[in-house]
Amino acid sequence: MSEQTSAQGAAARASRSQAAYHSLRDDIFAFRLLPGDRFTENDVAERLGISRTPVREALQRLQGDGLVRGYFRNGWEVVPLDLGRFEALYELRTVLETHAVTRLCQQPAARQVDLAGLAKLDAIWRVPRAERLTDGNTVAALDEAFHMALMHAAGNPEAAAVHQQVTDRIRIIRRMDFAYGDRVALTYDEHAAILDALAAHDAPRAVSLLAAHIEDGRAEVSRLTTERLEQARTSLVPSTEQAVRNAPQRRRRFG
């Protein structure tokens, strides 16, 4: 086999792995795969029409994201949601980010901050309404980047690293904040207000606005997660006859 052929094969497998990753991740985020659902690599491979190797690579990435976990010779499971854990992570996130904006509001001589990074945020969030993006998934990614940029701009790489870990762990529910209602528009307004407070070096106002922004998002995703899980589980409740016939099997997907 030539080097070119080998490289093409590797690229094709990487593409299939990427597609499998996004397909499974979307199923988890949309609760088509529920917390606690079990499946095998063969189940996914058959559904997607690909081999097990790219599926395994995709599942290993999802495991790194904290979305699934594997069992030796016993398939994979969507990680159960622990809302209490998410509450604790949101609290930690608030502590980290409010400290960061306090630091950002200090006098320039006393701080090591990334002013260029803050200017880039202005270009994204302080824009006319007609220029605002409306796609929830796109804005969710930009929102995550906004909060991470605040952490990096504050100049404490260790705090930023911890914040990155928190961000990775809450991503599964955080993106729901942009799925319904007017949260996209509110996010633009709230981010712009936070940036205004930073520009004025008004630490109390920046902290107050940011804490309220995070709390509103936490409350919304908690409500939506509970609601969506209940809807998904209700839609899967079988009739009494089916329940008796199928008991006591554990729910599996794909297979």
query: Hey, among Leu210, Leu198, Leu224, which residue is assigned by TED's automatic domain parsing to the domain that holds Tyr90, surrounded by 14 or more Cβ atoms within 10 Å (Cβ to Cβ), under 16 Å from the mean Cα position of the chain (by Cα) and not charged (D, E, K, R)?
result: Leu224
query: Of all residues in segment 120-137, which are in a helix (DSSP H, G or I) and in contact with a helix residue (DSSP H, G or I) (Cβ under 9 Å, 6 or more places away or on another chain)?
result: Lys120, Leu121, Asp122, Ile124, Trp125, Arg129, Gly136, Asn137
task: Scan segment 173-192 and give yes if some residue there is in contact with a helix residue (DSSP H, G or I) (Cβ under 8 Å, 6 or more places away or on another chain), of a type in the set (Gly, Ala, Ser) and modelled with pLDDT of 95 or more, otherwise no.
output: yes
- request: Sort through Arg218, Arg183, Arg205 and tell me the only one that's under 15 Å from Phe86 (Cα atoms) and not acidic (Asp, Glu).
  value: Arg218
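The values are calculated or read from the model by the stated rules, or taken from the named source; none is laboratory data. Model, not experiment: these values are computed from the prediction. Here Cβ is always computed from backbone atoms with ideal geometry, including for glycine, and neighbour counts include all displayed protein chains.
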